[in-house]
1. Would you point out the residue of the stretch 167-222, among those that are in a strand (DSSP E or B) and either among the hydrophobic types (A, V, I, L, M, F, W, C) or modelled with pLDDT under 95 (or both), that is surrounded by the fewest Cβ atoms within 10 Å (Cβ to Cβ)?
2. Step by step: first the residues of the stretch 80-106, then only those that are basic (Lys, Arg) and under 19 Å from the mean Cα position of the chain (by Cα), then the one that is most open to solvent (accessible area, probe 1.4 Å). Which residue is that?
3. Would a scan of the stretch 238-248 turn up a residue that is touching a His at 6+ places or on another chain (Cβ under 7 Å), in a loop (DSSP other than H, G, I, E, B) and of a type outside the set (D, E, K, R)?
4. Residues in the stretch 26-72 that are more than 23 Å from residue 236 (Cα to Cα) and either of a type in the set (Val, Ile, Thr) or open to solvent by less than 50 Å² (accessible area, probe 1.4 Å) (or both): how many?
5. Select the helices (runs of 4 or more DSSP H) contained entirely in the stretch 1-108, then report the ones holding at least 3 residues which are in contact (Cβ under 8 Å) with a residue 24 or more places away in the chain and farther than 24 Å from residue 257 by Cα.
6. Which one of the conditions (1) closer than 14 Å to residue 182 by Cβ; (2) part of a loop (DSSP other than H, G, I, E, B); (3) of a type in the set (A, V, I, L, M, F, W, C); (4) modelled with pLDDT of 95 or more does residue 118 fail to meet, given that it meets all the rest?
7. Please enumerate the residues belonging to the stretch 241-262 that are closer than 15 Å to residue 225 by Cα and surrounded by 20 or more Cβ atoms within 10 Å (Cβ to Cβ).
8. Counting only residues that are surrounded by fewer than 17 Cβ atoms within 10 Å (Cβ to Cβ) and in contact (Cβ under 8 Å) with a residue 12 or more places away in the chain, which one in the stretch 269-286 is farthest from residue 60 (Cα to Cα)?
Amino acid sequence: LMTRITIERAEKAQQYQDLLQQHGAPLLVLDCTQLVKQYEDLSSALPGVELFYAIKSLPHAAVIQTLKMLGSGFDIATTGEIEMLREEGVNPRHTLHTHPIKRDRDIRDALRYGCTTFVVDNIWEMEKFVEYRHRVGLLLRVSFPNANTKIDLSRKFGCAENEVMLLIQKAQSLGLHVKGLSFHAGSQCPDARNHVRAIKRCASLVEEVYETTGKLLSVLDIGGGFPANYMQSVEDIDTFCAPIREELRKLPDHVRVIAEPGRFLSAPTMKAVSTVMGKAKRGDST
């Protein structure tokens, strides 16, 4: 195994040398082979979970093409991303619009493309969909704070757990179809504890909604937050996802689970290549 890894690294180094000869430096290199590996590793770590790539993390045509070939769905946040998907011939049925705050034209652009699943987290956002209520399905984003993550997105988006029932009932009164729940455990999570807590709580909310309103929520979007390896090493993705897999097994059979990986897929696929122009000694540093 070590011999094979050594050969692969040598081949990669030679590829970078060839690119430097052709294009010069500094150079950003997109490695779609690595992208395929990241996608396959995450798919293996989360069997049965449908992946929707968060385009915002690396909006590049080659990334879209590669993930489309692998059968990935796509997580949209802007009209510009919709145009990329349209150009690459991505089936709009394999997309969802996850930005919780939208202008009316954002909704219309997405619907014109064919995306019909949207994330909301408050009553004002829900009301924006009344005009389109016969064409859309909503996911209600719930906030689960995570003090241990690099970026705690619960500060910006997501309703409180105790607001879920009221929002579901309000949606019903407006004639809106809420398909399920959504959360984001935080960006670059050091471990899966917040994912597990959020899944557990969402399972309870699904049961509570059914018992109170008779409405069966059929989708759970577990977001992203799967860590990428930067300067500090992180848990391998199979180990990271092990407690998530265990908690997902406890969900009712009717719940379809989806995820929105971004950083985990895109970060390792990009490499910055540069050349050393010179060196100097400054005090105790070289």
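The values are calculated or read from the model by the stated rules, or taken from the named source; none is laboratory data. Quick caveat, the model's predicted, so the values are computed rather than measured. With ideal geometry, Cβ positions are generated from the backbone for all residues, glycine too; neighbour counts draw on all protein chains shown. In case anyone asks, the SASA skips ligands and DNA or RNA and just uses the protein heavy atoms, side chains included. Shrake-Rupley method; radii C 1.70, N 1.55, O 1.52, S 1.80 Å.
1. Let us first name the residues in the stretch 167-222 that are in a strand (DSSP E or B), namely 178-182, 187, 219-221.
Narrowing the set further to residues that are either among the hydrophobic types (A, V, I, L, M, F, W, C) or modelled with pLDDT under 95 (or both) leaves 178, 181, 187, 219-220.
Numbers: 178: 23, 181: 27, 187: 19, 219: 21, 220: 26.
In this case the residue turns out to be 187.
2. Residues of the stretch 80-106 that are basic (Lys, Arg), as a first pass: 86, 93, 102-103, 105.
Adding the requirement that they be under 19 Å from the mean Cα position of the chain (by Cα) leaves 93, 102.
Working: 93: 201, 102: 4 Å².
Top of the filtered list is 93.
3. Step one: list which residues in the stretch 238-248 are touching a His at 6+ places or on another chain (Cβ under 7 Å), which gives 244.
So of that shortlist, the ones also in a loop (DSSP other than H, G, I, E, B) come out as none.
Within the stretch 238-248, not a single residue is touching a His at 6+ places or on another chain (Cβ under 7 Å), in a loop (DSSP other than H, G, I, E, B) and of a type outside the set (D, E, K, R).
4. 5
5. Numbers: elements: 2-23, 32-45, 61-70, 79-87.
Counting at least 3 such residues, we get 2-23, 79-87.
6. Among (1) closer than 14 Å to residue 182 by Cβ; (2) part of a loop (DSSP other than H, G, I, E, B); (3) of a type in the set (A, V, I, L, M, F, W, C); (4) modelled with pLDDT of 95 or more, residue 118 violates only (2).
7. Result: 241, 244, 258, 259, 260, 261, 262.
8. Residues of the stretch 269-286 that are surrounded by fewer than 17 Cβ atoms within 10 Å (Cβ to Cβ), as a first pass: 270-286.
Imposing the further condition that a residue be in contact (Cβ under 8 Å) with a residue 12 or more places away in the chain reduces the set to 270-275.
Details: 270: 11, 271: 14, 272: 16, 273: 19, 274: 21, 275: 25 Å.
Selected residue: 275.
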